[in-house]
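Visitor: First, the structure itself, so that you have it in front of you.
Read-outs: derived from the displayed coordinates by stated rules, not from any lab. It should be emphasised that the depicted structure is a prediction, and the values quoted were computed from it without experimental measurement. In this analysis, Cβ positions are derived from the backbone assuming ideal geometry, glycine residues included, and neighbour counts consider all displayed protein chains.
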Amino acid sequence: MYDIILHLKNNDSPAVLATLIGVEGHSYRKVGAVMLFFEEGMLGSLSPGCLESDLQLRTEEIWKSGMPEMVEYDMLSSDDLSWGEVMGCGGRIKVLLEPVRGELRQLLVKAYARIARGEILILQRESNDHGYSYRLVSATTTSSQGDHTNFSTLLEPKPRLVIFGGSHDAGPIAELAERVGFRITVADWREGSLHNKFPGAEKFICHPMEMVGQMGIGCEDYVLICSHHFQRDRQFLESLIPVNPHYIGIVGSTTRISRLLEGIDAPASLHAPVGISIGGQGPEEIAVSIVAEMIRVRRLGLANLSKGVEFIEYSRHLSGSGTKQKNGYSQSLSEVVAWDSPWECRA
């Protein structure tokens, strides 16, 4: 949702917001997923590609009418050659299409500055004769909503990944992490390590003991230590532990990390050696392993999940024939609001 809000802030052309508000059976995205349609294209996705074309065809009429529309796609039937299992989906979903104009556009554009400051917001809707009225409130003051005519959308900042060390293997990690929804900060005490590298990332050059304070690292942040300089890594780690970031990863061998952690009470959020075991070789494959682990922590909130069987079983469930969600077909976005792992960009 962050990228959608940023697009709306920078572009005033017609746009239609699509929100997944109900799921039965298997679904590519969870309830609460959003995407934006506009004249030049689209941002985000609700399916592997089987629904977007149909949704886009509806957007022009929705923009002209100024009225939202609820669209249902039934892909449960294996005999349905257009929407069924032949398409590899096998679920029933409801999508709300809303023209982004007037009150909705104003609130979303205003939300950008607050989200950029780290605030988590809720966009509340209430149905009326003209579609919906909207209200923007802080996530700490909202209550859960009930049915699909009165529901909320979570607006959050992107989680921040702080990479300590501008080493050659940090580049692929930063690039991949940015693509999957992290905002990137890279810090080093050597100016040359950051020069003409890490495009789009925020950069800090200072002593490792000063970095936590200067960057304002907090409990919501993801931090990766990969300077490959033992003394500097140790200095940064010692200043980092009291802050208790959401995720700490250390790149290096088991032997090196054991030395690095001597005398340190390792927090539960520490992942060392970092990454999911996939047998990766080279900077790019290692980056996949590391970013996959951060995604797992971000989506599942399981910082202590051991590498191996549990992750494999979860992956098998996602790729298999989905089961009916616990609240049935009209599962509301209140479940998204109540998600117990804050500070993440689910859209």
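Visitor: Kindly provide the GluC sites (Glu not before Pro) of segment 216-279 that DSSP labels as loop, not H, G, I, E or B, and whose Cβ sees at most 14 other Cβ atoms within 10 Å.
Guide: Passing sites in segment 216-279 are GLU262.
Visitor: Next question. With a point put 7 Å past each Cα toward its Cβ, work out how far ASP3 is from ASP74 in nm, to one decimal.
Guide: So the label points at ASP3 and ASP74 sit 3.4 nm apart.
Visitor: Just rank LYS9, LYS64, fewest to most, by other beta-carbon atoms within 10 angstrom.
Guide: Lowest to highest Cβ neighbour count: LYS64, LYS9.
Visitor: Here's a follow-up. Counting Lys and Arg as +1 and Asp and Glu as -1, what is the net charge of the other residues whose Cβ lies under 11 Å from the Cβ of PRO199?
Guide: 0
Visitor: Beyond 20 Å, what percent of the Cα pairs of segment 160-312 remain?
Guide: For segment 160-312, the fraction of Cα-Cα distances above 20 Å is 44 percent.
Visitor: Would you mind ranking HIS246, HIS229, HIS130 by Cβ crowding within 10 Å, fewest neighbours first?
Guide: Exposure proxy ranking, most exposed first: HIS130, HIS229, HIS246.
Visitor: Principal axes first, then extents: for the Cα atoms of segment 103-213, list largest minus smallest coordinate on each axis, whole Å, largest first.
Guide: Principal axes ranked by extent give 60, 26, 23 Å for the Cα atoms.
Visitor: Among SER253, GLY263, ILE225, which residue has its Cα positioned farthest towards the positive end of the charge dipole of segment 210-280, with +1 placed on the Cβ of Lys and Arg, -1 on the Cβ of Asp and Glu, and the dipole taken about the Cα centre?
Guide: Towards the positive end, the residue furthest out is SER253.
Visitor: If the only charges are +1 at each Lys and Arg Cβ and -1 at each Asp and Glu Cβ, what is the size of the charge dipole of segment 160-312 around the Cα centre, to the nearest 20 debye?
Guide: 120
Visitor: If you add up the charges near GLU284, with Lys and Arg at +1 and Asp and Glu at -1, over every other residue whose beta carbon is less than 11 angstrom from its beta carbon, what do you get?
Guide: That works out to -3.
Visitor: Quote the FRET efficiency, to the nearest 0.05, computed for ALA139 versus GLU284 with a Förster distance R0 of 30 Å and r equal to the Cβ-Cβ distance.
Guide: 0.25
Visitor: Write out the trypsin sites (Lys or Arg not before Pro) in segment 148-210 meeting two conditions: DSSP loop, and at most 14 other Cβ atoms within 10 Å of their Cβ.
Guide: Those satisfying the criteria are ARG190.
Visitor: What order do you get for CYS50, CYS226, CYS219 when you list them from fewest to most C-beta neighbours inside 10 Å?
Guide: CYS219, CYS50, CYS226
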